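Only one structure is covered here, and it is reproduced in the block below.
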Amino acid sequence: DTAVSQTPKYLVTQMGNDKSIKCEQNLGHDTMYWYKQDSKKFLKIMFSYNNKELIINETVPNRFSPKSPDKAHLNLHINSLELGDSAVYFCASSQAVGGPTYEQYFGPGTRLTVT
Amino acid sequence: AQSVTQPDIHITVSEGASLELRCNYSYGATPYLFWYVQSPGQGLQLLLKYFSGDTLVQGIKGFEAEFKRSQSSFNLRKPSVHWSDAAEYFCAVGAGYDYKLSFGAGTTVTVRA
């Protein structure tokens, strides 16, 4: 009964391709996030949705587009992949009750390699 | 905006020895404070958190952390490390109402036999 799951775990693709990463949480949380972890392990927030509404949209290329079909799912679509997109992408979720609690639970990550 | 500094990039400790990881934050008020651990090839697991109250908090896996307002610090400790504690440790801060967690750069812990 995985709390936050991501698919796929590994993704190897060529430059220029379009790919998607899926995330699902069964914690009943109302806020979900996408993070990018670079080769130096630095974690950077990319997007966040609260009740399917986009609330965080950091400086991320337009090639990245998140979609939240419902509170339990947050997908990330990447167009025209570039070498610099190679990283580990983490999904996370939290419950905001009367404001953010910040206690986030992370998925296992998707290692994206662009060749 | 808040920020987090983890001064130690890499720490090596002998199995059975004590461990202390440093974390300093910058924020005008008391933020929400967290420590996460990332084992090789894994996601981040929440070790412990501090919101308010007792400044010494206990977490999972035998870890504890102490919030010191005067030093803007939230250091993580474990009295006796196990080989399985070898991992990357991240301190994180949440503040205001922007829903963002700011992470430190992480500290890599190596455990030698």
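A few remarks follow.
Residues checked against (1) over 14 Å from the mean Cα position of the chain (by Cα); (2) part of a loop (DSSP other than H, G, I, E, B); (3) within 13 Å of chain B (Cβ to nearest Cβ); (4) not polar (S, T, N, Q):
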{"site": "A:S48", "(1), (2), (3), (4)": "no, no, yes, no"}
{"site": "A:L54", "(1), (2), (3), (4)": "no, no, yes, yes"}
{"site": "A:P66", "(1), (2), (3), (4)": "no, no, no, yes"}
{"site": "A:L74", "(1), (2), (3), (4)": "no, no, no, yes"}
{"site": "A:L81", "(1), (2), (3), (4)": "yes, yes, no, yes"}
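- Count of residues meeting criterion [in contact with an Asp or Glu (Cβ under 9 Å, 6 or more places away or on another chain), modelled with pLDDT of 95 or more and within 14 Å of chain B (Cβ to nearest Cβ)] in segment A:94-115: 1
- When B:D8, B:D54 are checked against the criterion of being of a type outside the set (A, V, I, L, M, F, W, C) and modelled with pLDDT under 95, a single residue qualifies: B:D54.
One line per residue, one yes/no per condition, for (1) closer than 26 Å to A:A87 by Cα; (2) surrounded by fewer than 20 Cβ atoms within 10 Å (Cβ to Cβ); (3) of a type in the set (S, T, N, Q):
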residue: B:H10; (1), (2), (3): yes, yes, no
residue: B:A17; (1), (2), (3): no, yes, no
residue: B:G41; (1), (2), (3): yes, yes, no
residue: B:L44; (1), (2), (3): yes, no, no
residue: B:G62; (1), (2), (3): no, yes, no
residue: B:A65; (1), (2), (3): no, no, no
residue: B:N75; (1), (2), (3): no, yes, yes
residue: B:S84; (1), (2), (3): yes, yes, yes
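- Of all residues in segment A:5-39 being among the small types (G, A, S) and outside any strand (DSSP E or B), the one that is farthest from the other protein chains (Cβ to nearest Cβ): A:G16
- For segment B:64-113, a residue qualifies if it is hydroxyl-bearing (S, T, Y) and either under 22 Å from A:E103 (Cβ atoms) or in a strand (DSSP E or B) (or both), and the qualifying residues are B:S72, B:S73, B:Y89, B:Y97, B:Y99, B:S102, B:T107, B:T108, B:T110.
The values are calculated or read from the model by the stated rules, or taken from the named source; none is laboratory data. Worth saying up front: this structure is predicted, and the values here are computed from it rather than measured. Here the Cβ is made from the backbone with ideal geometry for all residues, glycine too, and neighbour counts use every protein chain on show.
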